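The values are calculated or read from the model by the stated rules, or taken from the named source; none is laboratory data. All figures in this text were calculated on a predicted structure; none of them were measured in a lab. In this analysis, Cβ positions are derived from the backbone assuming ideal geometry, glycine residues included, and neighbour counts consider all displayed protein chains. These accessible areas exclude ligands, DNA and RNA; they are computed on the full protein's heavy atoms, side chains included. Shrake-Rupley method; radii C 1.70, N 1.55, O 1.52, S 1.80 Å.
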Amino acid sequence: RWLVLFGQRVQPSEFAKLATILALARYLAAPATDPRANSTLLVTGLLVAAPFVLIAVEPDLGTALSLLPVAGVLLIVAGVPWRKLGVMALAGLLLLPAGWFLLGDYQRNRLLVFIEPGRDPLGAGWNSIQSGIAVGSGGFWGKGYLQGTQNVLGFLPRTVAPTDFIFSVIAEEKGFVGSVALLALYAIVAAGGIRAAHRAPDSYGRLLAAGLTALLYFHVFTNIAMTIGLLPVTGLPLPLVSYGGSFLAAALLALGWIQSVYIRRVEL
(Lines give C-alpha, C1' and ligand atoms only; values in the text may rest on other atoms or scores of the structure.)
Protein backbone atom coordinates (compact mmCIF):
# COMPACT_ATOMS: atom_id res chain seq x y z
CA ARG A 1 0.00 0.00 0.00
CA TRP A 2 2.84 2.38 0.77
CA LEU A 3 6.11 3.44 -0.84
CA VAL A 4 8.85 5.48 0.81
CA LEU A 5 10.04 8.28 -1.47
CA PHE A 6 12.63 10.76 -0.23
CA GLY A 7 11.86 9.78 3.32
CA GLN A 8 8.09 10.26 2.95
CA ARG A 9 5.45 7.53 2.90
CA VAL A 10 3.32 7.75 -0.23
CA GLN A 11 0.17 5.80 -1.08
CA PRO A 12 0.43 5.21 -4.84
CA SER A 13 -3.17 4.02 -5.22
CA GLU A 14 -4.44 7.57 -4.57
CA PHE A 15 -2.57 8.86 -7.59
CA ALA A 16 -3.42 5.75 -9.62
CA LYS A 17 -7.10 6.75 -9.34
CA LEU A 18 -6.33 10.15 -10.84
CA ALA A 19 -4.24 8.58 -13.60
CA THR A 20 -7.12 6.22 -14.43
CA ILE A 21 -9.54 9.14 -14.74
CA LEU A 22 -7.11 10.96 -17.03
CA ALA A 23 -6.78 7.88 -19.24
CA LEU A 24 -10.53 7.24 -19.38
CA ALA A 25 -11.33 10.88 -20.14
CA ARG A 26 -8.73 10.98 -22.91
CA TYR A 27 -10.00 7.75 -24.47
CA LEU A 28 -13.71 8.57 -24.27
CA ALA A 29 -13.14 12.09 -25.62
CA ALA A 30 -11.14 10.88 -28.64
CA PRO A 31 -12.89 11.54 -32.00
CA ALA A 32 -12.40 7.90 -32.99
CA THR A 33 -14.27 6.63 -29.91
CA ASP A 34 -17.89 5.73 -30.60
CA PRO A 35 -19.87 5.67 -27.31
CA ARG A 36 -22.46 3.35 -28.91
CA ALA A 37 -19.89 0.69 -29.87
CA ASN A 38 -19.34 -2.40 -27.74
CA SER A 39 -15.59 -1.93 -28.15
CA THR A 40 -15.84 1.29 -26.13
CA LEU A 41 -17.19 -0.63 -23.15
CA LEU A 42 -14.50 -3.27 -23.58
CA VAL A 43 -11.61 -0.81 -23.69
CA THR A 44 -13.06 1.14 -20.76
CA GLY A 45 -13.30 -2.08 -18.78
CA LEU A 46 -9.67 -2.93 -19.53
CA LEU A 47 -8.49 0.54 -18.52
CA VAL A 48 -10.27 0.18 -15.19
CA ALA A 49 -9.42 -3.49 -14.64
CA ALA A 50 -5.64 -3.01 -14.52
CA PRO A 51 -5.52 -0.52 -11.60
CA PHE A 52 -8.54 -2.18 -9.95
CA VAL A 53 -6.79 -5.56 -9.68
CA LEU A 54 -3.45 -4.07 -8.61
CA ILE A 55 -5.08 -2.00 -5.86
CA ALA A 56 -7.39 -4.82 -4.73
CA VAL A 57 -4.52 -7.27 -4.22
CA GLU A 58 -2.62 -4.83 -1.96
CA PRO A 59 -5.23 -5.43 -0.38
CA ASP A 60 -7.27 -2.22 -0.52
CA LEU A 61 -10.67 -3.20 -1.86
CA GLY A 62 -12.40 0.02 -0.82
CA THR A 63 -10.04 2.17 -2.88
CA ALA A 64 -10.31 -0.22 -5.82
CA LEU A 65 -14.12 -0.11 -5.73
CA SER A 66 -14.06 3.69 -6.00
CA LEU A 67 -13.00 3.28 -9.64
CA LEU A 68 -16.28 1.61 -10.62
CA PRO A 69 -18.78 4.44 -10.00
CA VAL A 70 -16.31 6.91 -11.51
CA ALA A 71 -16.12 4.82 -14.68
CA GLY A 72 -19.93 4.66 -14.71
CA VAL A 73 -20.23 8.45 -14.50
CA LEU A 74 -17.71 8.90 -17.31
CA LEU A 75 -19.62 6.47 -19.53
CA ILE A 76 -22.86 8.35 -18.88
CA VAL A 77 -21.25 11.72 -19.65
CA ALA A 78 -19.63 10.27 -22.78
CA GLY A 79 -23.06 9.31 -24.10
CA VAL A 80 -23.07 5.52 -23.78
CA PRO A 81 -26.69 4.32 -24.18
CA TRP A 82 -28.54 3.67 -20.95
CA ARG A 83 -29.60 0.24 -22.17
CA LYS A 84 -25.99 -0.92 -22.33
CA LEU A 85 -25.22 0.59 -18.95
CA GLY A 86 -28.24 -1.20 -17.50
CA VAL A 87 -27.06 -4.54 -18.90
CA MET A 88 -23.60 -3.97 -17.40
CA ALA A 89 -25.08 -3.09 -14.01
CA LEU A 90 -27.32 -6.16 -14.06
CA ALA A 91 -24.37 -8.39 -14.97
CA GLY A 92 -22.40 -6.91 -12.08
CA LEU A 93 -25.21 -7.60 -9.64
CA LEU A 94 -25.54 -11.20 -10.84
CA LEU A 95 -21.79 -11.74 -10.38
CA LEU A 96 -21.73 -10.06 -6.97
CA PRO A 97 -22.32 -13.24 -4.92
CA ALA A 98 -19.26 -14.84 -6.54
CA GLY A 99 -17.16 -12.04 -5.10
CA TRP A 100 -17.71 -13.45 -1.62
CA PHE A 101 -15.26 -16.25 -2.38
CA LEU A 102 -12.61 -13.76 -3.50
CA LEU A 103 -12.67 -11.80 -0.25
CA GLY A 104 -10.17 -12.24 2.53
CA ASP A 105 -11.29 -13.41 5.97
CA TYR A 106 -11.17 -9.92 7.47
CA GLN A 107 -13.24 -8.53 4.58
CA ARG A 108 -15.90 -11.20 5.02
CA ASN A 109 -15.94 -10.48 8.73
CA ARG A 110 -16.55 -6.78 8.05
CA LEU A 111 -19.57 -7.63 5.93
CA LEU A 112 -20.96 -10.02 8.53
CA VAL A 113 -20.47 -7.42 11.27
CA PHE A 114 -22.21 -4.83 9.11
CA ILE A 115 -25.24 -7.13 8.82
CA GLU A 116 -25.10 -8.06 12.52
CA PRO A 117 -23.20 -5.37 14.52
CA GLY A 118 -23.41 -7.37 17.75
CA ARG A 119 -21.60 -10.31 16.18
CA ASP A 120 -18.18 -9.10 17.39
CA PRO A 121 -18.74 -5.98 19.52
CA LEU A 122 -15.26 -6.01 21.07
CA GLY A 123 -13.44 -6.77 17.81
CA ALA A 124 -14.44 -6.07 14.24
CA GLY A 125 -17.62 -4.30 15.27
CA TRP A 126 -16.03 -2.00 17.84
CA ASN A 127 -15.26 0.99 15.60
CA SER A 128 -18.68 0.94 13.96
CA ILE A 129 -20.52 0.72 17.29
CA GLN A 130 -18.48 3.50 18.90
CA SER A 131 -18.92 5.65 15.80
CA GLY A 132 -22.70 5.27 16.02
CA ILE A 133 -22.61 6.27 19.69
CA ALA A 134 -20.48 9.31 18.88
CA VAL A 135 -22.78 10.52 16.10
CA GLY A 136 -25.94 9.95 18.12
CA SER A 137 -24.66 11.51 21.33
CA GLY A 138 -23.76 14.77 19.58
CA GLY A 139 -27.41 15.78 19.53
CA PHE A 140 -28.46 18.98 17.79
CA TRP A 141 -25.71 21.38 18.84
CA GLY A 142 -22.93 18.96 19.81
CA LYS A 143 -20.88 18.65 22.97
CA GLY A 144 -18.36 21.31 22.07
CA TYR A 145 -14.80 21.37 20.77
CA LEU A 146 -12.70 18.58 22.36
CA GLN A 147 -15.63 17.70 24.63
CA GLY A 148 -16.65 14.54 22.78
CA THR A 149 -16.17 11.66 25.19
CA GLN A 150 -16.01 8.96 22.51
CA ASN A 151 -13.02 10.68 20.95
CA VAL A 152 -11.25 12.22 23.95
CA LEU A 153 -11.55 9.12 26.13
CA GLY A 154 -10.42 6.86 23.31
CA PHE A 155 -13.57 4.77 22.86
CA LEU A 156 -13.26 5.72 19.20
CA PRO A 157 -9.66 4.55 18.68
CA ARG A 158 -7.04 7.25 18.13
CA THR A 159 -5.79 5.29 15.13
CA VAL A 160 -9.01 5.93 13.17
CA ALA A 161 -10.59 9.04 14.76
CA PRO A 162 -8.49 11.56 12.74
CA THR A 163 -8.76 9.58 9.50
CA ASP A 164 -11.57 7.22 8.50
CA PHE A 165 -13.92 8.22 11.36
CA ILE A 166 -13.32 11.96 11.48
CA PHE A 167 -16.99 12.61 10.65
CA SER A 168 -17.97 10.84 13.87
CA VAL A 169 -15.76 13.25 15.82
CA ILE A 170 -17.33 16.26 14.05
CA ALA A 171 -20.85 14.96 14.64
CA GLU A 172 -20.17 14.41 18.34
CA GLU A 173 -18.52 17.77 18.94
CA LYS A 174 -20.61 19.94 16.57
CA GLY A 175 -23.82 17.94 16.47
CA PHE A 176 -26.44 17.93 13.76
CA VAL A 177 -25.82 21.61 12.96
CA GLY A 178 -22.11 21.08 12.35
CA SER A 179 -22.73 17.95 10.30
CA VAL A 180 -25.22 19.73 8.04
CA ALA A 181 -22.82 22.66 7.66
CA LEU A 182 -20.09 20.27 6.52
CA LEU A 183 -22.44 18.63 4.03
CA ALA A 184 -23.44 22.07 2.74
CA LEU A 185 -19.79 22.92 2.10
CA TYR A 186 -19.35 19.67 0.18
CA ALA A 187 -22.49 20.49 -1.82
CA ILE A 188 -20.97 23.84 -2.80
CA VAL A 189 -17.78 22.17 -4.01
CA ALA A 190 -19.83 19.54 -5.87
CA ALA A 191 -21.87 22.26 -7.57
CA GLY A 192 -18.62 23.88 -8.66
CA GLY A 193 -17.37 20.63 -10.16
CA ILE A 194 -20.64 20.05 -12.01
CA ARG A 195 -20.60 23.63 -13.26
CA ALA A 196 -17.04 23.22 -14.52
CA ALA A 197 -18.03 20.06 -16.39
CA HIS A 198 -21.13 21.72 -17.87
CA ARG A 199 -19.19 24.72 -19.16
CA ALA A 200 -16.05 22.85 -20.25
CA PRO A 201 -14.70 23.93 -23.66
CA ASP A 202 -14.40 20.38 -24.99
CA SER A 203 -15.33 16.75 -24.32
CA TYR A 204 -12.06 15.99 -22.58
CA GLY A 205 -12.52 18.82 -20.09
CA ARG A 206 -16.12 17.83 -19.46
CA LEU A 207 -15.21 14.20 -18.82
CA LEU A 208 -12.22 15.12 -16.66
CA ALA A 209 -14.20 17.49 -14.41
CA ALA A 210 -17.10 15.03 -14.14
CA GLY A 211 -14.83 12.09 -13.28
CA LEU A 212 -12.86 13.97 -10.63
CA THR A 213 -16.02 15.34 -9.03
CA ALA A 214 -17.53 11.84 -8.97
CA LEU A 215 -14.39 10.46 -7.30
CA LEU A 216 -14.39 13.07 -4.55
CA TYR A 217 -18.07 12.60 -3.78
CA PHE A 218 -17.91 8.85 -3.83
CA HIS A 219 -15.43 9.31 -0.98
CA VAL A 220 -17.77 11.72 0.81
CA PHE A 221 -20.80 9.46 0.49
CA THR A 222 -18.98 6.25 1.39
CA ASN A 223 -17.12 7.69 4.37
CA ILE A 224 -20.16 9.32 5.96
CA ALA A 225 -22.41 6.33 5.24
CA MET A 226 -19.81 4.09 6.87
CA THR A 227 -19.63 6.17 10.05
CA ILE A 228 -23.42 6.13 10.54
CA GLY A 229 -23.78 2.43 9.81
CA LEU A 230 -25.30 2.54 6.32
CA LEU A 231 -22.31 0.85 4.67
CA PRO A 232 -19.63 -1.61 5.84
CA VAL A 233 -16.44 -0.16 7.27
CA THR A 234 -13.96 0.78 4.54
CA GLY A 235 -10.70 2.69 4.52
CA LEU A 236 -11.88 5.62 2.43
CA PRO A 237 -11.04 9.01 4.01
CA LEU A 238 -13.18 12.14 4.00
CA PRO A 239 -11.89 14.64 1.41
CA LEU A 240 -10.12 17.73 2.78
CA VAL A 241 -10.96 16.73 6.36
CA SER A 242 -9.34 13.37 7.15
CA TYR A 243 -5.71 13.36 8.22
CA GLY A 244 -3.37 11.95 5.59
CA GLY A 245 -0.80 13.27 3.16
CA SER A 246 -1.27 11.20 0.01
CA PHE A 247 -5.04 11.52 -0.14
CA LEU A 248 -4.94 15.23 0.68
CA ALA A 249 -2.39 15.82 -2.10
CA ALA A 250 -4.51 13.82 -4.56
CA ALA A 251 -7.70 15.68 -3.56
CA LEU A 252 -6.03 19.07 -3.99
CA LEU A 253 -4.64 17.97 -7.34
CA ALA A 254 -8.12 16.89 -8.45
CA LEU A 255 -9.62 20.22 -7.39
CA GLY A 256 -6.84 22.04 -9.20
CA TRP A 257 -7.60 20.17 -12.42
CA ILE A 258 -11.30 20.98 -12.06
CA GLN A 259 -10.40 24.64 -11.61
CA SER A 260 -8.18 24.41 -14.70
CA VAL A 261 -11.16 23.20 -16.71
CA TYR A 262 -13.33 25.99 -15.33
CA ILE A 263 -10.95 28.86 -16.15
CA ARG A 264 -11.03 27.68 -19.78
CA ARG A 265 -14.84 27.59 -19.72
CA VAL A 266 -17.18 28.54 -22.47
CA GLU A 267 -19.31 31.58 -21.59
CA LEU A 268 -23.00 30.70 -21.84
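Excluding same-chain neighbours fewer than eight residues apart, the lysines reachable from K143 by a Cα-Cα span under 28 Å are K174. Taking a ≥ b ≥ c as the square roots of the Cα gyration tensor eigenvalues, region 198-268 comes out prolate, since a/c reaches at least 1.5 and a/b is larger than b/c.
Pairs of Cα atoms nearer than 8 Å and 6+ residues apart set the relative contact order; for region 193-243 it is 26 percent. For the chain, the relative contact order comes to 22 percent (Cα pairs under 8 Å, sequence separation of at least 6).
Couplings 3J(HN,Hα) for region 220-231, derived from phi with the Karplus relation 6.51 cos²θ - 1.76 cosθ + 1.60 (θ = phi - 60°), are 4, 4, 5, 5, 5, 4, 5, 5, 9, x, 8, 9 Hz, where x marks Gly and Pro.
The coefficient of translational diffusion for the chain, derived via Stokes-Einstein from the alpha carbon Kirkwood radius under 20 °C and 1.002 mPa s, stands at 108 µm²/s.
Taking other residues whose beta carbon is less than 10 angstrom from the beta carbon of N109, and scoring Lys, Arg as +1 and Asp, Glu as -1, yields +1. Dipole size of the chain about its Cα centre, with +1 on Lys/Arg Cβ and -1 on Asp/Glu Cβ: approximately 520 debye, rounded to the nearest 20.
How would you classify region 1-127 from its alpha-carbon gyration tensor, with a ≥ b ≥ c the square roots of the eigenvalues: rounded for a/c under 1.5, else prolate if a/b is greater than b/c, otherwise oblate? Here region 1-127 falls in the oblate category. For L231, the amide hydrogen comes within under 5 Å of the amide hydrogens of M226, counting only partners 5 or more places away or on other chains and with H modelled in the peptide plane.
Judged by the ratio a/c of the largest to the smallest principal axis of the C-alpha gyration tensor, region 81-181 counts as oblate, that ratio being 1.5 or greater while a/b is no larger than b/c. Between the alpha-carbon centres of region 98-112 and region 181-205 there is a gap of 35 Å. Straight-line cross-link reach from K84 at under 29 Å between alpha-carbon atoms covers these lysines, not counting any fewer than eight positions away in the same chain: K17.
Over the chain, with every protein chain in place, what whole percent of the accessible area is carbon and sulfur at 1.4 Å, could you tell me? Carbon plus sulfur share of accessible area: 70 percent.
Relative protection proxy for 257-267, 223-233, from highest mean packing down: 223-233, 257-267 (other beta-carbon atoms within 10 angstrom). Centre-to-centre separation between the Cα atoms of region 32-82 and those of region 209-230: 17 Å.
In region 37-151, Cα pairs under 8 Å separated by at least six residues give a relative contact order of 10 percent.
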